[in-house]
1. Being in contact with a helix residue (DSSP H, G or I) (Cβ under 7 Å, 6 or more places away or on another chain) and farther than 30 Å from residue 20 by Cβ, is that true of even one residue in the stretch 131-146?
2. State the number of residues belonging to the stretch 132-156 that are closer than 15 Å to residue 89 by Cβ, of a type in the set (S, T, N, Q) and part of a helix (DSSP H, G or I).
3. Among what's in the stretch 38-51 and is small (Gly, Ala, Ser) and buried (at least 17 other Cβ atoms within 10 Å of the Cβ), pick the residue that is farthest from residue 76 (Cα to Cα).
4. From the residues in the stretch 203-225 that are open to solvent by less than 60 Å² (accessible area, probe 1.4 Å) and not in a loop (DSSP other than H, G, I, E, B), which one is modelled with the lowest pLDDT?
5. So in the stretch 173-195, with the set limited to residues that are open to solvent by less than 20 Å² (accessible area, probe 1.4 Å) and not in a helix (DSSP H, G or I), which one is nearest to residue 32 (Cα to Cα)?
6. Hey, could you check the stretch 97-131 for residues that are part of a loop (DSSP other than H, G, I, E, B) and farther than 19 Å from residue 195 by Cα and say which is most open to solvent (accessible area, probe 1.4 Å)?
7. Within the stretch 50-61, is even one residue among the acidic types (Asp, Glu), touching a helix residue (DSSP H, G or I) at 6+ places or on another chain (Cβ under 8 Å) and either assigned to a helix (DSSP H, G or I) or under 26 Å from residue 191 (Cα atoms) (or both)?
8. Does the stretch 62-77 hold any residues that are in a loop (DSSP other than H, G, I, E, B), open to solvent by 40 Å² or more (accessible area, probe 1.4 Å) and more than 19 Å from residue 98 (Cα to Cα), and which are they?
Amino acid sequence: MKESLSGGTGMREETALRSELVAICRKLERKGLIASADGNVSCRVGADRLLITPSGKPKTDLEPRDLIGVNALGERVSGHGRPSSEIHMHLAVYAQRSDVSAIVHAHPPLLTAMTLAGQPFRADILPEVWLTVGTVPTAPYATPSTSEVPDSIAPFIADHHAILLERHGSLTFGRTLGEAYRRLEILEHAAHTLFYALLIGGCPPPAMPDKDREKLDQVRKKLFA
């Protein structure tokens, strides 16, 4: 992404990002990954500005003009209303990860259910998940919309592309809005597969052999170089 919004190119880029972010919000609701005003989505616009969903508004009702522009401190610089109450969770990720340009927080049913059951997400079972997302830790429970949330995820931000939030859904990030969203879709789909495997087999499926994960690690390095 460009680091400046000056000139026509910057304005066109922001317009495109606003439309893409709203489209992803609608897709989240359509796919059953959020309900009503649940969740929040953000993206970088330049070096020191973000776009984020507003607080309390159903995602299917959002229009591009409804998105809130905030600075690196989370202060509103454009738009009306309040930015998402989880803005500080997003800021915590952006502060640690210069490579991250988009974040999706959702409440996917099966992934959230796994955290309720105290079950870790086993990314080492499915090659597609290991390749595209990698390990997925679960952050301990934190009161939503408080500083407890960024504190709870802080130890996991640097080395992961996705984090489950105990009782509170998921957090996925990426270089683009599309990548952050796709990682969520991949994880929720994988959670269904793992659940069915447990029902059919009566026990958790085994992890891939180390040699196979090492091969995937080499492929992933090329993909994310």
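1. So far as the stretch 131-146 goes, yes, one or more of its residues are in contact with a helix residue (DSSP H, G or I) (Cβ under 7 Å, 6 or more places away or on another chain) and farther than 30 Å from residue 20 by Cβ.
2. 1
3. Checking each candidate, the answer is 39.
4. Per the stated criteria, the residue is 220.
5. Here the answer is 173.
6. 98
7. Within the stretch 50-61 (the criterion being among the acidic types (Asp, Glu), touching a helix residue (DSSP H, G or I) at 6+ places or on another chain (Cβ under 8 Å) and either assigned to a helix (DSSP H, G or I) or under 26 Å from residue 191 (Cα atoms) (or both)), the answer is no, since none of the residues qualifies.
8. 63, 75
The values are calculated or read from the model by the stated rules, or taken from the named source; none is laboratory data. Source: prediction; values computed, not measured. Glycine also receives a Cβ, built like all others from the backbone with ideal geometry; neighbour counts cover every protein chain displayed. Surface areas here come from the heavy atoms of the whole protein model, side chains and all, with no ligands, DNA or RNA. Shrake-Rupley method; radii C 1.70, N 1.55, O 1.52, S 1.80 Å.
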